[in-house]
1. Name every residue in segment B:48-73 that is in a loop (DSSP other than H, G, I, E, B), within 11 Å of residue B:37 (Cα to Cα) and at the interface with another protein chain (Cβ under 10 Å from one of its Cβ atoms), in order of residue number.
2. Would you be able to say whether some residue in segment A:53-62 is closer than 16 Å to residue B:104 by Cα and acidic (Asp, Glu)?
3. Hey, among the residues in segment B:62-100 that are aliphatic (A, V, I, L, M) and over 14 Å from residue B:22 (Cα atoms), which one's surrounded by the fewest Cβ atoms within 10 Å (Cβ to Cβ)?
4. Scanning segment A:64-120 for residues that are hydrophobic (A, V, I, L, M, F, W, C), under 23 Å from residue B:95 (Cβ atoms) and touching a helix residue (DSSP H, G or I) at 6+ places or on another chain (Cβ under 9 Å), which turns out farthest from the other protein chains (Cβ to nearest Cβ)?
5. Being within 9 Å of the chain's Cα centre (by Cα) and part of a strand (DSSP E or B) is the filter; apply it to segment B:78-108 and report the residue that is nearest to the other protein chains (Cβ to nearest Cβ).
6. Which one is surrounded by the fewest Cβ atoms within 10 Å (Cβ to Cβ) among residues in segment B:28-48 that are more than 18 Å from residue A:104 (Cβ to Cβ) and in contact with a Lys or Arg (Cβ under 9 Å, 6 or more places away or on another chain)?
7. Would you say residue B:25 is more than 20 Å from residue B:8 (Cβ to Cβ), crowded, with 17+ Cβ neighbours inside 10 Å, more than 13 Å from chain A (Cβ to nearest Cβ) and touching a strand residue (DSSP E or B) at 6+ places or on another chain (Cβ under 9 Å)?
Amino acid sequence: ELQLLESGGGLVQPGGSLRLSCAASGFTFSSYAMSWVRQAQGKGLEWVSSISGRSGSTFYADSVRGRFTISRDNSKNTLYLQMSSLRAEDTAVYYCAKGSDIVPTIFHRWGQGTPVTVSS
Amino acid sequence: DIVMTQSPDSLAVSLGERASINCKSSQSLLYSSNNKNYLAWYQQRPGQPPKLLIYWASTRESGVPDRFSGSGSGTDFTLTINSLQAEDVAVYYCQQYYKTPPFTFGPGTKVHIK
């Protein structure tokens, strides 16, 4: 059964750093693009970043470019999001999402999410 | 960037009735080389992560009940839920995945029971 399990969220001060992880199982992880999508409480969905399956090409939303880094370890079936220079507006639940077979940025399956709170 | 809008913001529908949600993009999502619309719909039930319902504007994801259907082309799209069930109470989002990032979502439409 396909599973995506996020971890690493928590409370961090403005300007601080945090690394999120997403452990994947039940599919050939290296064959699929993966993405991070976030959702502030009571708000809509915001695409954050994506990484291709094998080449590791990366893409970022303007709101996080230069502060966040997406990466993956295909040997560990794990996706990461390194977040630095965090701001209050980065407070959200962060979901990892698997790309579809057809198009990498059709978000085929989602994890349960990990909450990040940026506050002093 | 492509901006996605949805209407209405919220929708109250009686059980067994039809719900229709509109989604509009600021640019055409129809790719001429393959004649496909780069538009997906997701359902997010309370307290749950989103779930993919429809892609290519009208192709139902495996396992999605056939009361869900998508239509439209270019810049105007509709998600229709026929014969609304209690488990369909959720927020529905459209998302464009046309060419390059950012891959933007609409603001969502909340469906609840009248």
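Just so you know, all these numbers are worked out from the coordinates, no wet-lab data involved. Values in this document were obtained by computation on a predicted structure and should not be read as measured data. Cβ atoms come from the backbone with ideal geometry, glycine included; neighbour counts cover every protein chain shown.
1. Scanning segment B:48-73 gives a single hit, B:56.
2. Yes, segment A:53-62 contains at least one residue that is closer than 16 Å to residue B:104 by Cα and acidic (Asp, Glu).
3. Residues of segment B:62-100 that are aliphatic (A, V, I, L, M), as a first pass: B:64, B:79, B:81, B:84, B:86, B:89-91.
Remaining after also requiring over 14 Å from residue B:22 (Cα atoms): B:64, B:84, B:86, B:89-90.
Numbers: B:64: 16, B:84: 21, B:86: 7, B:89: 15, B:90: 21.
It comes out as B:86.
4. Let us first name the residues in segment A:64-120 that are hydrophobic (A, V, I, L, M, F, W, C), namely A:64, A:68, A:70, A:79, A:81, A:83, A:86, A:88, A:92-93, A:96-97, A:102-103, A:106-107, A:110, A:116, A:118.
Subset that is under 23 Å from residue B:95 (Cβ atoms): A:64, A:68, A:70, A:79, A:81, A:83, A:92-93, A:96-97, A:102-103, A:106-107, A:110, A:116.
After this cut, where a residue has to be touching a helix residue (DSSP H, G or I) at 6+ places or on another chain (Cβ under 9 Å) as well, the list is A:64, A:68, A:79, A:83, A:116.
Numbers: A:64: 10, A:68: 13, A:79: 15, A:83: 18, A:116: 15 Å.
The residue in question is A:83.
5. Once the filter is applied, the top-ranked residue is B:93.
6. B:45
7. Details: more than 20 Å from residue B:8 (Cβ to Cβ): no; crowded, with 17+ Cβ neighbours inside 10 Å: yes; more than 13 Å from chain A (Cβ to nearest Cβ): yes; touching a strand residue (DSSP E or B) at 6+ places or on another chain (Cβ under 9 Å): yes.
No, not satisfied.
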